[in-house]
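Here the structure is laid out as structure tokens; the discussion comes afterwards.
The values are calculated or read from the model by the stated rules, or taken from the named source; none is laboratory data. Here the structure is a predicted model, which is why all the values come from computation and not from measurement. Quick note on the areas: whole protein, heavy atoms, side chains included, nothing else; ligands and nucleic acids left out. Shrake-Rupley method; radii C 1.70, N 1.55, O 1.52, S 1.80 Å.
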Amino acid sequence: MDRTEQFMPYHPETKETIKEEKIRGYWSTSICIFLRNKIGVFSVVLLAVIVVFCLFGQHLRPFGVQEQNTAIKNMAPSAAHWFGTDQLGRDLFVRVCKGGQVSILIGFLASLIVSVIGVVYGSISGYIGGKTDLIMMRIVEVFKGVPHIVIVILLSIILDVDGILPLLLALTVSGWVNTAQIIRGQVMQLRNQEFILAAECLGMKGRQIIVRHIIPNMMGIIIVAVTLDIPTFIFEEAFLSFVGLGLKNPSVSWGILISLAQGNLAHYPYQIAFPAAAISVTMIALNLFGNALKDAFDPKMR
């Protein structure tokens, strides 16, 4: 016993309180680390503002998304039209809000799909090992041999994208390979842990071990992967729509708004500035949030 503790009065309740404060769970510790990250907290606030803006912003104005009025076309930002109007007299503030809903939805769904595929594929490959792992990793290398964006462009041309589902298919066909490789490496580290060996000794099947033990122990990595993939897919959707291979008019997304405004860039730069700024701020906020989560779940930060 320390000499200072030897002469201090013993208070059982105080001792228990100190132990409870020191012994924290994995998730509570990660949350505490994240909350101490000022940039991470700022990114959460910024993302909340963006989501509220996209969901409810259009209800602040008395205009429809496709409501046209050629008498006020190409109007500069004003009190009546906060972001101005486009070449058909449509209110840009309302259209930017609606476009954000579509772009963020596509980014989230695409990220979720590739994460699910990557987690399942990587878990099976890493846990089974042997020839199965060898064959599955060769398939991954085939996909990685061709740049992801090239595959996306080719599929967009073949599918003639005219809706969200074909676009999601084009974005996710090869987008899962990086997640699969990361998950495989984590599973190969976990499969030799004592709790996995104990589950095998108890007669649990491989599928049950993966679902009940391995995947729950990788949830931090999975959440980070989903978060960091969203801005990538938002950018890819905007790029495809800009070059005419993504969603088509009259659908509304940030990429479509930029594509429609590019012809008026010299005379009406505000038409492209607002959707471009929305994409930039959203991608920065998501990347900051993802990096903060990565630090929070990093064991070295414990």
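Couplings 3J(HN,Hα) of the stretch 30-47, computed from phi: 4, 5, 4, 5, 5, 5, 7, 8, 5, 5, x, 5, 4, 5, 5, 4, 5, 5 Hz, in residue order, whole Hz [Karplus 6.51 cos²θ - 1.76 cosθ + 1.60, θ = phi - 60°; x for Gly and Pro]. Taking the alpha carbon gyration tensor of the stretch 54-125, multiplying each eigenvalue by 5 and rooting it gives semi-axes of 39, 11, 8 Å, largest first.
Under a no-solvent Debye model with one identical scatterer per Cα of the chain, what's log10 I(q)/I(0) at q = 0.08, 0.09, 0.11, 0.14 Å⁻¹? So the normalised log intensities work out to -0.50, -0.60, -0.80, -1.08.
For the stretch 128-263, taking Cα atoms only, Rg and Dmax work out to 19.5, 67 Å respectively.
If you roll a 1.4 angstrom probe over the protein chains with everything in place, what fraction of the accessible area of the chain belongs to carbon and sulfur, to the nearest %? In the chain, the share of accessible area belonging to carbon and sulfur is 67 percent.
Here is the size of the stretch 118-205 from its Cα atoms: Rg then Dmax, 16.8, 52 Å.
When its C-alpha radius of gyration is set against 2.2 N^0.38 Å (N residues), the stretch 19-144 gives a value of 1.72.
Spatial offset of the stretch 79-100 relative to the stretch 218-252 amounts to 23 Å, using the alpha carbon center of each.
Put one equal scatterer on each alpha carbon of the stretch 176-254, apply the Debye formula with no solvent term, and list log10 I(q)/I(0) at q = 0.13 1/Å to two decimals. For the requested q values the scattering log ratios are -0.58. With a Cα-only, solvent-free Debye model of the stretch 22-91, what are the log10 I(q)/I(0) values at q = 0.19, 0.21, 0.26 Å⁻¹? Here log10 of I(q) over I(0) equals -0.81, -0.90, -1.08. Its DSSP H runs of at least 4 residues, each contributing -39,500 (n - 2.57), put the calculated 222 nm mean residue ellipticity of the chain at -22000 deg cm²/dmol, to the nearest 500.
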